[in-house]
1. If I ask for residues that are outside any helix (DSSP H, G or I) and either crowded, with 20+ Cβ neighbours inside 10 Å or on the phi < 0 side of the Ramachandran plot (or both), which ones from the range 45-70 would you list?
2. Show the residue pairs that are 6+ apart or on different chains and have beta-carbon atoms under 9 Å apart, the first residue being within the range 2-31 and at positive phi and at pLDDT below 95, the second being assigned to a loop (DSSP other than H, G, I, E, B) and surrounded by 16 or more Cβ atoms within 10 Å (Cβ to Cβ).
3. List, please: which pairs have Cβ atoms under 7 Å, are six or more places apart or on different chains, and start with a residue in the range 106-119 that is on the phi < 0 side of the Ramachandran plot and touching a residue at least 12 places away in the same chain (Cβ under 8 Å) and end with one that is exposed (fewer than 13 other Cβ atoms within 10 Å of the Cβ) and in a loop (DSSP other than H, G, I, E, B)?
4. Filtering the range 97-119 down to residues that are touching a helix residue (DSSP H, G or I) at 6+ places or on another chain (Cβ under 8 Å) and in a helix (DSSP H, G or I), which residue is surrounded by the most Cβ atoms within 10 Å (Cβ to Cβ)?
5. If only one of 127, 122, 138, 73 is at negative phi and at pLDDT below 95, which one is it?
6. Could you run through the range 52-79 and say how many residues are in contact with a helix residue (DSSP H, G or I) (Cβ under 9 Å, 6 or more places away or on another chain) and more than 17 Å from residue 125 (Cβ to Cβ)?
7. Name the pairs whose Cβ atoms lie under 6 Å apart, with the first residue in the range 125-146 and more than 15 Å from residue 95 (Cα to Cα), the second modelled with pLDDT under 75 and assigned to a helix (DSSP H, G or I), and 6 or more positions between them or separate chains?
8. State whether the residues of the range 25-44 include one that is more than 19 Å from the chain's Cα centre (by Cα) and part of a helix (DSSP H, G or I).
């Protein structure tokens, strides 16, 4: 479909799914704690934001992290290639949002209210989730030993 060289039935798939699940749980915990700490603020507030585990969040960014983390946890728990596709896109969304936030960090366009620590953490978690998605693909047991050209032809 999009990357023919992604391994199928990787022998460390369980470890990568655990990494994705723990990353999702971290995002959920950060989102919940962020929503609690930012209650009473405007949705896209940018000034005098509280720090949650040294990360500056506003209600919009806390809600975004909660939703994305919840999706990661759900698709990782379901497995069956849902985690491969879901985590692939969620990881890219997290990395892209971190890059965009870095570009506008000290401007009025910083709608997520991230500071540099938040940007780095979101980027690292996004890379963890994206990497885990690359090794979570499952297929028929005979696909494990076939060449990628025969599997995807």
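The values are calculated or read from the model by the stated rules, or taken from the named source; none is laboratory data. This structure is a prediction, so every number in the text was calculated from the model and none was measured. Glycine gets a Cβ as well: all are built from the backbone with ideal geometry, and neighbour counts include every protein chain shown.
1. Step one: filter the range 45-70 for residues outside any helix (DSSP H, G or I), giving 45-58.
Hits for the range 45-70 are 45, 46, 47, 49, 50, 51, 52, 55, 56, 57, 58.
2. Pairs found: 9/137; 9/138.
3. Correct list of pairs: 117/54.
4. Filtering the range 97-119 for residues touching a helix residue (DSSP H, G or I) at 6+ places or on another chain (Cβ under 8 Å) gives 97-99, 101-102, 105, 110-114, 116, 118-119.
Cutting the leftovers down to in a helix (DSSP H, G or I) gives us 97-99, 101-102, 116, 118-119.
On the way: 97: 20, 98: 22, 99: 13, 101: 22, 102: 15, 116: 13, 118: 26, 119: 21.
Among those that are touching a helix residue (DSSP H, G or I) at 6+ places or on another chain (Cβ under 8 Å) and in a helix (DSSP H, G or I), it is 118.
5. On the way: 127 fails: at pLDDT below 95; 122 fails: at pLDDT below 95; 73 fails: at pLDDT below 95.
Exactly one residue qualifies, and that residue is 138.
6. First, the residues of the range 52-79 that are in contact with a helix residue (DSSP H, G or I) (Cβ under 9 Å, 6 or more places away or on another chain): 52-59, 61-79.
Now drop any that are not more than 17 Å from residue 125 (Cβ to Cβ), which leaves 58-59, 77-79.
Residues meeting the conditions: 5.
7. Listed by first residue and then by second, the contacts come to 143/151.
8. Applying the first criterion (more than 19 Å from the chain's Cα centre (by Cα)) to the range 25-44 yields 36-44.
Within this subset, residues satisfying the condition of being part of a helix (DSSP H, G or I) are 36-37.
Yes, that holds for at least one residue.
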